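Asker: Input: one structure, supplied below.
Computed from the coordinates by the stated procedures, all read-outs in this text should not be read as laboratory data. These figures come from a predicted structure and were not determined experimentally. Here the Cβ positions follow ideal geometry from the backbone for every residue, glycine too, while neighbour counts run over all protein chains shown.
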Amino acid sequence: MQMRVGVLGIGKTPHKIQHEKGLRDLIVEAGRGAMDDAGVEPEDVQALYIGNAASTGFNYENSVGLMSSHHLGLVPAAAVRVEAACGTGAWALHLGCAAILSGLYDTVMVMGAEKMNDLATVEGTSIIAQAADAKEEYFSGLTFPSGVALSARKYMEVYGLTEEDLAHVSVKNHHYGARNPYAHLRFECTVDDVMNSAVVADPLKLYEVCPMTDASSALVLCREEILRDQPDKPQVFVTATQMATGTWYAVSDTMQDAYDLLNKPATRAYEMAGITPDDIDVAEIYNSFAIQEPFGIEALGFAEQGEGWKGAKDGSTWIDGKVAVNMSGGLLCKGHPLGATGATQAVDIVEQLRGTAPEEIQRADARNGISACRGGPGAVGALHIYQRLEG
Amino acid sequence: MTVSAIEFSRIGPPKLRPYAMRCEDCGTLHAWWEKFHCYDCNSTKLSELELEGGGELTNYTVVYYPPRDFLGQEPYVVGHIKMDEGVVMPAPVVDVAVDDVEIGTRVKSTLRRMKLGHEGDIYYSQKFIVDDAPSPEKPVAAKKKPSARKKARKKK
Amino acid sequence: MASILRYGAYLPRPRIPVKEIHSFYGKPGRPRARTLATPALDEDSLTMAYEAAAEALGPKGSATTVIAVTQSPPFGMRKMSSTLAEALGLAATPYDVGGHPGALLDAFNLGAAIVDGGGGDVLVVASDYVVSHDERAADMLSAGAAAAFLLSTEGCCELGASARASDEVYDVWRLGLEPEPRYRLEVLSAAYGAAAKGALTALEATTGTPTSTYKAVCPSQPHPSVLRALGRMVSKGALDATSFVGEIGNVGSASVGIALALGLDSVARKGQKLLALSYGSGEGIAQALEVTNKPRAIGVADRLAGTEISMGTFYRWTRGRQVEPH
């Protein structure tokens, strides 16, 4: 089937620690921003899919769908909270697309929001661990960083990647994060800076793990005709949405499982959009931990297995390279507000395709973009393709 | 990371001995949490199988920022341990300098405190220590015997 | 006659130099022990008992009864012996025996009675983690360890006669199950001496064997000064192979067990006589043993040295054992 879901409007909040704002403040900021950008009123939005992964833990509140609908003025339209660990925001996007494609709705809003910094870090880390099996696997002293560190060490063993080589991923992300006004961490770093930073979970170091961030992002989506009827608006469409699950336990997750988690939906997504990896100009690849960027680059077909790390070092994943990966600074610099991330990736790609990203991070003449989001220890894979398609 | 005292009673003393789940249809061993579904053959019939306790490190990391229940123990090694019976389990490796473990190190299971529950219930589980004894020459045939508790319950 | 078939011991590896405690608290006087064996945060009396018992049982061992001796059980109202039996995979009858630092020797009496009565093999384990805070850790020499003995109808070392001497005295005690022992330093030496002497004299009377006959004496040893006093009651050199308090400290009810394990390790020949001796909290017990087969040494002496930890680590571990989670 040919998929054309119009992106009518986008909105996002800065990504940083925002003690003066609560969850509902962030949701309203991003949601109103997207509706304003779309030129729609709240009553035009027929359904809201709001992604939020852990408000019961971080914010002691649960009914995020209802709360968002109320404060955004969307009542009496449909509203529901979506949760899929770190893939939450992408899942909200997927459901919004499915809603439009089903014909049931003409215009919907999809959002992601997370407010992680009201609690102390050690509490927050424990809550994040609930996205994995905190009762069984993480009962063993693992945390998210150390779980991913295990996959980093495995990759290093199998493919001979060195810690210095991996550090280039952080260098690249920080180069662009420093130039993204919405990013949490806005400083550049060198390979030495990365190598000398504190070890979080061997072999991953501080500059190779993302910060805990507060943010919200939103997109107003519509039927193809509605966007076509407004030719002055940038003609950016979501042209593929493919989701997958993988094993919830890192210990039973082989390197092949990790690859398949993104590769299988990616293959279906390329087919759905009718394009190949070579057609992609710009990509947002989930990288809450640096090693995940090479994993994603390989799964999306931009490099052979075992070679995904090379692009950060040889320039082929920088702004003028074969495919510009994570021009936003990735999650390493934007942080990973769990529920918002997948939606923020979509907003950042849409900006690239519209040509409205800040100049220093704008890929020239970007027409085809892709976002790869993942969740849990390796349990959620989410692939979206976006294209600027002039009439 | 919280288990209530009621849940504790339901799941029984967790992991006082090392065990795996064995698929009754295809014989594949899975980690202890796979109670419901065999990923290899899709069977839903799995049963507990006690392990000998010996294994080898196939992967490891060192945790410097632990979860709350492990505060004070950092830095500690957490490994993926391939038990002699074939199944892979995650667990801390203790009583060893973090630089002294490598992939291939032989380890054996032992009892350690995992955490103190918020209702004052103590959770014991399996951690591993380096095993200096020579490794077994052939793969250990996984033995299948009911737990001592089950035997004692049967006696009554 | 009931015999020790196999034995095991567990000494946690971390060691806090007592001079670090002294220097932190500004204590005068020299450290009385060099280092104290300090269990790590994920260890307790049960896990140490498990380690020692696993060694005593060996790969094929089994027991019908488990007797656990401890004064620092993980739970005040649950038997350590039953959880221990479960952890060892034994379908065994569990008993907890306690009341004083010498309870291991009480447990030997009870275990021997079970063995002699045809009740099967008995696993006896003593495990303690003595905890004192602040400068009291350096006074009490608080430390942790475990020792385990598998009793059977035949083995390497027969359990002979035993004798007791009791006295009502406040030397070392606790109110209920409060975490730290209370003690009267000015009473301790005399009380320990009286209990030990009383037990030795009673054993002499029972067996007709003079104390000086025993070439190896395996005593509880809460403090080096007590060990010196004991040295004057027994034959010269009898404590040479079994002294350890200066290296690992006061390990409570496991103390006599570690001493006995060292004694068994040092046995040179069949026919040798050993004497296990406990005292403290007003009760002294003396237990005679005779070697029937030279035991296979487990090398406890090699485990006395450990890895030094800093005062900061020691403070964190003894103050905040397993911080209560969210």
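Asker: Report every pair of residues separated by at least 6 positions or lying on different chains whose Cβ atoms are under 9 Å apart, first residue within region B:78-99 and at the interface with chain A (Cβ under 7 Å from one of its Cβ atoms) and closer than 28 Å to C:I309 by Cα, second of a type in the set (F, W, Y) and surrounded by 20 or more Cβ atoms within 10 Å (Cβ to Cβ).
Answerer: Partner pairs satisfying both residue conditions: B:V78/B:Y60; B:H80/B:Y60; B:P90/A:Y138; B:P90/A:Y249; B:A91/B:F128; B:P92/B:F70; B:P92/B:Y76; B:P92/B:F128.
Asker: Any residue in region A:132-152 that is out of contact with any strand residue (DSSP E or B) (no Cβ under 9 Å at 6 or more places or on another chain) and more than 7 Å from every other protein chain (Cβ to nearest Cβ)?
Answerer: Looking through region A:132-152, at least one residue is out of contact with any strand residue (DSSP E or B) (no Cβ under 9 Å at 6 or more places or on another chain) and more than 7 Å from every other protein chain (Cβ to nearest Cβ).
Asker: Looking at A:L101, A:L95 in this structure, which one is over 21 Å from the mean Cα position of the chain (by Cα) and away from chain B (no Cβ under 14 Å)?
Answerer: None of the other options fit; the residue is A:L101.
Asker: Checking C:R164 against (1) surrounded by fewer than 23 Cβ atoms within 10 Å (Cβ to Cβ); (2) over 30 Å from C:V115 (Cβ atoms), which single condition isn't satisfied?
Answerer: Among (1) surrounded by fewer than 23 Cβ atoms within 10 Å (Cβ to Cβ); (2) over 30 Å from C:V115 (Cβ atoms), the lone unmet condition for C:R164 is (2).
Asker: Still on this model: Of the residues C:A191, C:A126, C:A202, C:A163, which is touching a residue at least 12 places away in the same chain (Cβ under 8 Å) and either touching a His at 6+ places or on another chain (Cβ under 6 Å) or under 27 Å from C:E308 (Cα atoms) (or both)?
Answerer: From the options C:A191, C:A126, C:A202, C:A163, the qualifying one is C:A126.
Asker: If B:T58 passes every condition in (1) facing chain A (nearest Cβ under 7 Å); (2) part of a strand (DSSP E or B) but one, which one does it miss?
Answerer: (1)
Asker: Can you list residue pairs whose Cβ atoms sit under 7 Å apart, with the first residue in region A:256-284 being buried (at least 21 other Cβ atoms within 10 Å of the Cβ) and the second being aromatic (F, W, Y)? Count only pairs 6 or more apart in sequence or on different chains.
Answerer: That search, which allows pairs on different chains as well, returns A:A258/A:F295.
Residue-by-condition table, conditions (1) surrounded by fewer than 24 Cβ atoms within 10 Å (Cβ to Cβ); (2) of a type in the set (K, R); (3) in a loop (DSSP other than H, G, I, E, B):
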site: A:A53; (1), (2), (3): no, no, yes
site: A:V80; (1), (2), (3): yes, no, no
site: A:C97; (1), (2), (3): yes, no, no
site: A:V110; (1), (2), (3): no, no, no
site: A:D118; (1), (2), (3): yes, no, yes
site: A:L142; (1), (2), (3): no, no, yes
site: A:G147; (1), (2), (3): no, no, no
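Asker: With the checklist (1) more than 9 Å from every other protein chain (Cβ to nearest Cβ); (2) under 18 Å from A:A152 (Cα atoms); (3) outside any loop (DSSP other than H, G, I, E, B) in hand, flag the one item B:G104 doesn't pass.
Answerer: (3) is the only condition that B:G104 fails.
Asker: Filter region A:211-248 down to residues that are within 14 Å of chain B (Cβ to nearest Cβ) and either crowded, with 23+ Cβ neighbours inside 10 Å or of a type in the set (V, I, T) (or both), then give me how many there are.
Answerer: Matching residues across region A:211-248 total 2.
Asker: Please go through (1) surrounded by fewer than 24 Cβ atoms within 10 Å (Cβ to Cβ); (2) not in a helix (DSSP H, G or I) for A:K313 and return the number of the only condition it doesn't satisfy.
Answerer: Status for A:K313: all satisfied but (2).
Asker: Among the residues of region C:42-83, write down those that are closer than 18 Å to C:P12 by Cα, within 14 Å of chain B (Cβ to nearest Cβ), surrounded by 23 or more Cβ atoms within 10 Å (Cβ to Cβ) and of a type in the set (A, V, I, L, M).
Answerer: Selection gives C:L46, C:M48, C:A49, C:A52, C:A53.
Asker: Another question about this same structure. Give just the number: which of (1) without any contact (Cβ under 8 Å) to a residue 40 or more places away in the chain; (2) under 18 Å from the mean Cα position of the chain (by Cα); (3) surrounded by fewer than 21 Cβ atoms within 10 Å (Cβ to Cβ); (4) part of a loop (DSSP other than H, G, I, E, B) does C:D96 not satisfy?
Answerer: It fails just one condition, (4).
Asker: Then there's this: Scan region B:49-72 for residues that are touching a helix residue (DSSP H, G or I) at 6+ places or on another chain (Cβ under 8 Å), within 21 Å of B:L111 (Cβ to Cβ) and buried (at least 19 other Cβ atoms within 10 Å of the Cβ) and report the count.
Answerer: Number satisfying all stated conditions: 3.
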